[in-house]
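Worksheet for the structure shown next.
Derivation of every value follows stated rules applied to the coordinates shown; laboratory data play no part. Quick caveat, the model's predicted, so the values are computed rather than measured. Please note: Cβ atoms are built from the backbone with ideal geometry, for glycine as well, and neighbour counts cover all protein chains shown.
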Ligand code: SF4
Ligand code: SF4
């Protein structure tokens, strides 16, 4: 899922400083699962914003809402129900949701209330870790299912780099060297010889270096 976390309250208050009425909009997708922007977080942020603005002597009206998904035209169309009720939408969805609102609601001012961080999963209660960088050309069949694009600090295709210490990354000793993990795992699953295969120079166009990407499925187009 997409992992995000709420921006500092001061930054959000600064964004809405010119607004008297704000539609605070959560999303029931990934940001609900990672506790960044679901219904509960909308309720909490609404209280914090009202308190903050009250302290500044300029109360703000917050209209609360949560869409099923903000990354879907169908649900963005539902925003019409709040038309005329706000000066800006403060979105608690990931950056995709904010972009979708900006794309589909040309007259709407939209601000991001969360920082969208990465594609990851829940490692343990309250901890999420990056697992995939959406590179568009998956090589996990060659690396024992562990991603060097997202999880190696240098995105090395032929690791390890030689700097790891005690199986930790030389760039950040708080994280495992993923190439050590790949080495160990390939050994455990009887595919150690894959470590000897030299990966060719990679074409990063599929990773977004060729501009914004799209997936087109002719079979689904009506
Ligand atoms: S190789 Fe690419 S698609 Fe596969 S997990 Fe890594 S970043 Fe994601
Ligand atoms: S120590 Fe490991 S994870 Fe860190 S940059 Fe080198 S190969 Fe990548």
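Each residue in 152, 135, 71 was given a count of other beta-carbon atoms within 10 angstrom of its own, and listing them fewest first yields 135, 71, 152.
Diagonalising the gyration tensor over the Cα atoms of segment 2-118 and scaling each eigenvalue by 5 before taking the square root yields semi-axes of 21, 17, 12 Å, largest first.
Kindly work out what percent of the DSSP beta bridges joining two residues of segment 2-118 are antiparallel, to the nearest 5.
Counting only bridges with both partners in segment 2-118, antiparallel ones make up about 20 percent.
Helical runs assigned H by DSSP (4 residues or longer) give the chain a calculated mean residue ellipticity at 222 nm of -7000 deg cm²/dmol, each run adding -39500 (n - 2.57) before division by the residue total.
Compared with the alpha-carbon gap, the fully stretched path from residue 105 to residue 202 is longer by 31.1 nm at 0.36 nm per residue. Grouping the Cα pair distances of segment 179-222 into 5 Å bins from zero gives a pair-distance distribution of 5, 16, 13, 10, 13, 12, 14, 11, 4, 1 percent in increasing distance order. Across the chain, C-alpha contacts under 8 Å between residues 6 or more apart give a mean separation that, scaled by the residue count, equals a relative contact order of 17 percent. Among 83, 218, the ranking by other beta carbons within 10 Å of each residue's beta carbon, starting with the fewest, stands as 218, 83. When every Cα-Cα distance of the chain is counted in 5 angstrom steps from zero, the calculated P(r) takes the values 1, 6, 12, 14, 14, 12, 11, 10, 8, 6, 4, 2, 0, 0 percent. Between residue 170 and residue 124, the modelled label-to-label distance comes to 2.9 nm, taking each label 7 Å out from Cα in the direction of the beta carbon. Evaluated on segment 113-164, the Kirkwood hydrodynamic radius is 12.5 Å, with distances taken between all distinct Cα atoms. Relative contact order of segment 44-162: 13 percent, from C-alpha pairs under 8 Å at least 6 residues apart in sequence.
By the compact-protein rule of thumb, 2.2 N^0.38 Å, the alpha-carbon radius of gyration of segment 125-222 corresponds to a ratio of 1.25. For segment 1-87, relative contact order (Cα pairs under 8 Å, six or more residues apart, normalised by length) works out to 35 percent.
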